[in-house]
Each structure stands twice: as C-alpha cells, then as structure tokens.
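K.L.:
Before I ask anything, here is the structure I am working with.
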Amino acid sequence: MSESNEGSTLFLTFRLGDELFAIDVSQVREVLELATITGVPNALEFMRGVINVRGSVVPVIDLRAKFGMEPTERTVDTRIVVMELNLDDEMTVLGAMADSVHEVIDLPASAIEPPPKIGSRWRTKFINGIGKKDEEFILILDIDKVFSVDELASVQAHAAGGEEPQLQQAAV
C-alpha cells in the first residue's frame, strides 16, 4: 500500500451505485473521461472492450457487471480508472469503469477495520477493509484479488485480438 504519513494510506475513491469504494493510489495510473470503447466479440460478460491510451491497447472492464450489479450507464460523471494489477508476479494494465470518481483520501490505519465475516453482500476476499470518512463507509478493494488469473488471461487475449473460451462469471 502507498503510505503517506505515519501509518496512513492514500486511496482513490469512486462510486458504483450507492456504494463508495477505494483502491490504493499506488495501483492507479490515471483517471480518464469516458472514451469510445471498441467492443470485442465473445468477451467475458464484464469486459466492455478496449481503449487506446497513448498508443497502448488497454482492456476496459465494467466493475458493476463484475460485481453482479446492473452494467454501468454512461453519464457525464462516468470515468475509466486505469490501474495496474499484479497477478502471479505479472503486471497487467486494465481500465475499470466507475459511475464517478471522487477524490484521493488519506486514511490512517486506525480508520480501517477488517471486513465483516458475515452479513456482507460483497465477497470479503475482495475487500481489504472498511474505512470511514465523515459518516460514510468506504469499501477498500484488494483489486489484485477481484479478478482470477484465468479471467485476466481471457481479458488480455481478447484485448490482443485472440479468442479465448468464455469463462463463468465469479460470484461476488
């Protein structure tokens, strides 16, 4: 995690529906306005397609669809968070659609609690913890665990123009 001051971490916050999420800023390359996304045939259900980021092909996934929510609607606030994921010691660049991106916040470790073991609609293996800012809870994602190695291999193959068999979407 990217530590800022004594025991605190910087997070980028974004919304999916009514929920506020955050990821460690050290994994964020940039935040883009919604661009034209080129669809890819036979891609996973949550893969929207690919975009061109300064000459590189970057796959774009819909986090809402990945988490079993209604797909992201395009609005003036919709953003693509370009991030780096580390799977099996391999760096993967991926764009993730968010309903809106809010701010970078500095959360002290004391403001982050472990996710509850029961009663959560989110799979806790994806959640590093639950932070609190003002009176709002923030679900802190472990973005490296949101996608399986097989899912990312399929996303990368589709982004490169290859064809992989469609995988089953993992339950969140």
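Only the coordinates and a few stated rules stand behind these numbers; no lab work does. Since this is a predicted model, take the numbers as computed values, not measurements. All Cβ positions, glycine included, derive from the backbone under ideal geometry; neighbour counts span all protein chains shown.
K.L.:
Can you list the HN-Hα couplings for the range 11-24, worked out from phi with the Karplus curve (6.51, -1.76, 1.60; θ = phi - 60°), rounded to whole Hz and with x for Gly and Pro?
P.N.:
Working through the residues one at a time gives 10, 8, 9, 8, 10, 10, x, 8, 8, 9, 10, 8, 10, 4 Hz.
K.L.:
Continuing with the same structure: Skipping prolines and chain starts, which residues have an amide H placed within reach, meaning under 5 Å, of the one on R29, given they are 5 or more residues away or on another chain?
P.N.:
Under 5 Å from the amide H of R29 lie the amide H atoms of V82, M83, E84, each far enough along the sequence or on another chain.
K.L.:
Continuing with this model, one more query. In a Debye calculation with equal point scatterers on the alpha-carbon sites of the range 8-159 and no solvent, what is log10 I(q)/I(0) at q = 0.16 Å⁻¹?
P.N.:
-0.87
K.L.:
Using θ = phi - 60° and the Karplus form 6.51 cos²θ - 1.76 cosθ + 1.60, what ³J(HN,Hα) does each residue of the range 50-67 get, whole Hz, x for Gly and Pro?
P.N.:
These are the phi-based 3J(HN,Hα) values: 10, 10, 9, 10, 6, x, 9, 7, 10, x, 10, 10, 9, 4, 4, 5, 4, 8 Hz.
K.L.:
Show the residues, 5+ positions off or on another chain, whose built amide H is closer than 5 Å to the amide H of S8.
P.N.:
It is A109, by chain and number.
K.L.:
Among K145, K125, K117, K133, rank each residue by its count of other Cβ atoms within 10 Å, from fewest to most, as a rough exposure measure.
P.N.:
Ascending Cβ contact count within 10 Å gives the list K117, K125, K145, K133.
K.L.:
Quick one, can you get me the convex hull of the C-alpha atoms of the range 27-95 expressed as volume per residue in Å³?
P.N.:
Taking only Cα atoms, the range 27-95 has a hull volume of 108 Å³ per residue.
K.L.:
Under a point-charge model restricted to the Cβ atoms of Lys and Arg (+1) and Asp and Glu (-1), what is the dipole moment magnitude of the range 8-159 relative to its Cα centre, in debye to the nearest 20?
P.N.:
About 200 debye.
K.L.:
Once phi is turned into θ = phi - 60°, what whole-Hz ³J(HN,Hα) does the Karplus curve with 6.51, -1.76 and 1.60 give for every residue of the range 90-104, x standing for Gly and Pro?
P.N.:
10, 7, 10, 9, 8, x, 10, 6, 10, 4, 6, 10, 9, 7, 9
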